[in-house]
Amino acid sequence: MQFKIVEKEISYTGKELRSGWVLQHTGMKGDAAAGFVGPCHVHTQDLVDLDDARAGTFIKSECMAHIIAEHPGCGLAAAVLRQRLLVCLLCELLGARGHHVRREGDDVYVGDRKLTVSIAAPSPRSALIHLGINIRPEGAPVPAVGLEEMGVDSAALLGELLDRYSRELESAAHATTKVRAVE
């Protein structure tokens, strides 16, 4: 999997979670991911999570570090597992920096405050993943914490997280080539 950090600020509204968005913003085709920084405001009608949409919730944060990954030919169940892998890698990276974080499903918390939002969703051509990591969570509808308060450099974290995610996927793909079938 290839990835690129987009240098310009991009607002995330939920409409970015679509096939072709990564290609449009990075020029990378196929299995690819883009990292970027910008505000986040997803209105209820743009939520992909049906439970959250029915509850009338929304997502908002003054500034987030975002990842959008597109995985062609990947089913939703596999995408959800990849999403969880991405979140677990984030927890490892933050833990290595001395932060005590807790993962609940696809969410990361510091104490009782939420650090991330995330979703995996199917499209006609691929499976998509969005991970948003609060940098400055002002405006969030829930108690939230951000990387700025934690003293974590968001650009460095994005690059390291995408590199680790890419290497994990490549390692997993290689693992499928080195075994024989069993009966």
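The values are calculated or read from the model by the stated rules, or taken from the named source; none is laboratory data. Since this is a predicted model, take the numbers as computed values, not measurements. With ideal geometry, Cβ positions are generated from the backbone for all residues, glycine too; neighbour counts draw on all protein chains shown.
Quick check on Val108: is it assigned to a strand (DSSP E or B), in contact with a Gly (Cβ under 8 Å, 6 or more places away or on another chain) and closer than 16 Å to Ser154 by Cβ? No; evaluated as a whole, the condition is false for this residue.
When you go through Leu89, Leu158, Leu94 one by one, which is the residue that is farther than 17 Å from Tyr12 by Cβ, modelled with pLDDT of 95 or more and either crowded, with 21+ Cβ neighbours inside 10 Å or touching a Ser or Thr at 6+ places or on another chain (Cβ under 9 Å) (or both)? Show your work before the answer.
Numbers: Leu89 fails: either crowded, with 21+ Cβ neighbours inside 10 Å or touching a Ser or Thr at 6+ places or on another chain (Cβ under 9 Å) (or both); Leu158 fails: farther than 17 Å from Tyr12 by Cβ.
It is Leu94.
So which residues in the range 133-149 are more than 21 Å from Leu86 (Cβ to Cβ) and crowded, with 23+ Cβ neighbours inside 10 Å? None; the set is empty. Among the residues of the range 54-86, those identified as closer than 21 Å to Gly139 by Cα, crowded, with 16+ Cβ neighbours inside 10 Å and aliphatic (A, V, I, L, M) are Ile59, Met64, Ala65, Ile67.
Evaluated against (1) assigned to a helix (DSSP H, G or I); (2) out of contact with any His (no Cβ under 9 Å at 6 or more places or on another chain); (3) over 19 Å from Ser154 (Cα atoms); (4) not hydroxyl-bearing (Ser, Thr, Tyr), His71 falls short on exactly one condition, (1). Filtered by the rule that a residue be buried (at least 16 other Cβ atoms within 10 Å of the Cβ) and closer than 17 Å to Thr13 by Cβ, the range 23-34 gives His25, Ala34. Any residue at all in the range 37-52 that's surrounded by 15 or more Cβ atoms within 10 Å (Cβ to Cβ), within 20 Å of Ser166 (Cα to Cα) and either among the β-branched types (Val, Ile, Thr) or in contact with a Lys or Arg (Cβ under 9 Å, 6 or more places away or on another chain) (or both)? Yes. The set of residues in the range 74-92 being in contact with a strand residue (DSSP E or B) (Cβ under 8 Å, 6 or more places away or on another chain) and in a helix (DSSP H, G or I) consists of Leu76, Ala78, Ala79, Val80, Arg82, Gln83, Leu86, Val87, Cys88, Leu90, Cys91.
I'm checking my understanding of the structure. Among residues of the range 149-174 that are free of Cβ contacts under 8 Å to residues at least 24 places away in the same chain and part of a helix (DSSP H, G or I), which one is farthest from His71 (Cα to Cα)? Among them, the one singled out is Glu149.
Figure legend. Inter-residue proximity from the range 21-49: first residues among the aromatic types (Phe, Trp, Tyr), second residues surrounded by fewer than 20 Cβ atoms within 10 Å (Cβ to Cβ), beta-carbon distance below 8 Å, spacing 6+ or different chains. Indicated pairs: Phe36/Ile5; Phe36/Val6; Phe36/Lys8; Phe36/Glu9; Phe36/Ile10; Phe36/His25.
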